[in-house]
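Reading through the structure tokens given below for one structure.
The values are calculated or read from the model by the stated rules, or taken from the named source; none is laboratory data. None of the values given here were measured: they were computed from a predicted structure. Please note: Cβ atoms are built from the backbone with ideal geometry, for glycine as well, and neighbour counts cover all protein chains shown. Note: accessible area is taken over every heavy atom of the protein model, side chains too, but ligands, DNA and RNA are not part of it. Shrake-Rupley method; radii C 1.70, N 1.55, O 1.52, S 1.80 Å.
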Amino acid sequence: MSDTEPRPMRIRREPPAFRRIAVKGTEPMSGRMIRVTLAGPELHGLIVVEPAASVRLLLPSPGTDDLVMPSWNGNEFLLPDGTRPTIRTFTPRRVDPEALELDLDVVRHDGGAASEWAEHAASGLPAAISGPGRGYTIDRDAPAYLLGGDETAIPAIMQLLESLPAGMPVQVRIEVSHFEARLALPEREGVNVEWLDQEFGAPPGDALIAAVRSAELTPETRVWVAGEAAAVQRIRRYLFDERRIPRAHAAVRGYWKHGRAGDPDDES
Ligand SMILES: Cc1cc2nc3c(=O)[nH]c(=O)nc-3n(C[C@H](O)[C@H](O)[C@H](O)COP(=O)(O)OP(=O)(O)OC[C@H]3O[C@@H](n4cnc5c(N)ncnc54)[C@H](O)[C@@H]3O)c2cc1C
């Protein structure tokens, strides 16, 4: 193919349909996180079984309160005017199938469409969600777990802590950019938690990488880590190349990419 020929469009499977919902309320969880409760009859049938799953949240275009539904063109969602909709990924922190409610815990950070939206989300504002995306299958026979992440991973880490077998030794390492991002984690026996402060001016994830390097690890330890894409890529290399941890024993996920809006995996 010559450089001037248009690239053939990649065909991808259409994600689950969006369910229209609306903001029911918000609650500050910490100085760095806001819980947004969404509700609506279209949440009927939304079932999230595993911890650390995901949903895609469709928001009104920045500066408007009207939700325009996008359509799938075989590769990506587009709005009727051809622009890309604002879609971000979050952990479904709590799904209540009776009350038809869904809680998302959103990190407050500068310059983020979803972060800004959560900050000002008034009751009744429309939104839509699609999902759930795959969660994490806990290995109940593992001898120990290491859970690591940054602020965006706190909701998933809380769910993992709630789901791990009682008494399982768990090391938890969480990097925060502000002291006030620390939250009370579910109380459990056998859990050793270290909060790591991101050093001023340091790239996101540096403190987490150092903590993973100094964690107690055997090839049998199961590892779950999520955070900034470049940082978790370094963690992947450390675990797989330096420590020779079997790939099946570690789930390492990029949750956001420094300097880029949207999902790190969504290269559309
Ligand atoms: C499976 C999965 C689950 C996730 N769960 C959660 C969750 O429960 N809660 C949550 O808050 N996030 C979660 N995330 C991460 C979230 O999708 C991203 O942080 C997303 O970019 C936030 O959207 P935004 O519109 O606020 O910022 P964007 O508009 O996407 O980004 C704008 C700018 O802000 C930067 N940025 C994005 N996120 C952060 C951040 N956390 N800190 C500092 N700078 C940032 C970007 O690099 C970019 O420069 C999850 C991601 C995945 C893939």
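Right, residue 83: among the β-branched types (Val, Ile, Thr), modelled with pLDDT under 95 and either more than 7 Å from the ligand (Cβ to nearest atom) or under 24 Å from residue 48 (Cα atoms) (or both) or not?
Yes, satisfied.
Does residue 245 fit the bill of being open to solvent by less than 30 Å² (accessible area, probe 1.4 Å), closer than 18 Å to residue 143 by Cβ and not polar (S, T, N, Q)?
yes
Is it the case that the range 3-18 has a residue that's free of Cβ contacts under 8 Å to residues at least 40 places away in the same chain, open to solvent by less than 80 Å² (accessible area, probe 1.4 Å) and within 16 Å of the ligand (Cβ to nearest atom)?
Scanning the range 3-18 turns up no residue that is free of Cβ contacts under 8 Å to residues at least 40 places away in the same chain, open to solvent by less than 80 Å² (accessible area, probe 1.4 Å) and within 16 Å of the ligand (Cβ to nearest atom).
Could we say that residue 31 is of a type outside the set (Lys, Arg), in contact (Cβ under 8 Å) with a residue 40 or more places away in the chain, more than 18 Å from residue 125 (Cα to Cα) and surrounded by fewer than 19 Cβ atoms within 10 Å (Cβ to Cβ) here?
yes
Tell me which residues, restricted to the range 108-158, are part of a strand (DSSP E or B) and open to solvent by less than 20 Å² (accessible area, probe 1.4 Å).
Restricting attention to the range 108-158, the residues satisfying the condition of being part of a strand (DSSP E or B) are 126-133, 145-149.
Matches in the range 108-158: 127, 128, 129, 130, 131, 145, 146, 147, 148, 149.
Of all residues in the range 162-186, which are in contact with a Pro (Cβ under 8 Å, 6 or more places away or on another chain) and within 12 Å of residue 149 (Cβ to Cβ)?
Matches in the range 162-186: 175 only.
Please work out which one of (1) at negative phi; (2) near the ligand (Cβ under 9 Å from one of its atoms); (3) out of contact with any His (no Cβ under 9 Å at 6 or more places or on another chain) is the condition residue 151 fails and give its number.
(3)
Can you name the condition, by its number, that residue 68 falls short on among (1) in contact with a Phe, Trp or Tyr (Cβ under 8 Å, 6 or more places away or on another chain); (2) of a type in the set (Val, Ile, Thr); (3) in a loop (DSSP other than H, G, I, E, B)?
(1)
If you scan the range 86-104, which residues turn out to be open to solvent by 10 Å² or more (accessible area, probe 1.4 Å), touching a residue at least 12 places away in the same chain (Cβ under 8 Å) and farther than 18 Å from residue 257 by Cα?
Once the filter is applied, which keeps residues that are open to solvent by 10 Å² or more (accessible area, probe 1.4 Å), touching a residue at least 12 places away in the same chain (Cβ under 8 Å) and farther than 18 Å from residue 257 by Cα, the range 86-104 yields 93, 95, 97, 99, 100, 101.
Could you name every one of the strands (runs of 3 or more DSSP E) located completely within the range 182-268 that has at least 1 residues being charged (D, E, K, R) and away from the ligand (no atom under 12 Å from the Cβ)?
191-197, 222-228
Sort out which residues of the range 113-145 are within 8 Å of the ligand (Cβ to nearest atom) and out of contact with any strand residue (DSSP E or B) (no Cβ under 8 Å at 6 or more places or on another chain), and write them in order of number.
Within the range 113-145, just 116 meets the criteria.
Could you say whether any residue in the range 49-61 is in contact with a strand residue (DSSP E or B) (Cβ under 9 Å, 6 or more places away or on another chain), of a type in the set (D, E, K, R), within 16 Å of the ligand (Cβ to nearest atom) and modelled with pLDDT of 95 or more?
Scanning the range 49-61, I find at least one residue that is in contact with a strand residue (DSSP E or B) (Cβ under 9 Å, 6 or more places away or on another chain), of a type in the set (D, E, K, R), within 16 Å of the ligand (Cβ to nearest atom) and modelled with pLDDT of 95 or more, so the answer is yes.
Residues of the range 199-221 being open to solvent by less than 30 Å² (accessible area, probe 1.4 Å) and touching a Phe, Trp or Tyr at 6+ places or on another chain (Cβ under 9 Å), which ones?
Passing the criteria: 204, 209, 212, 221.
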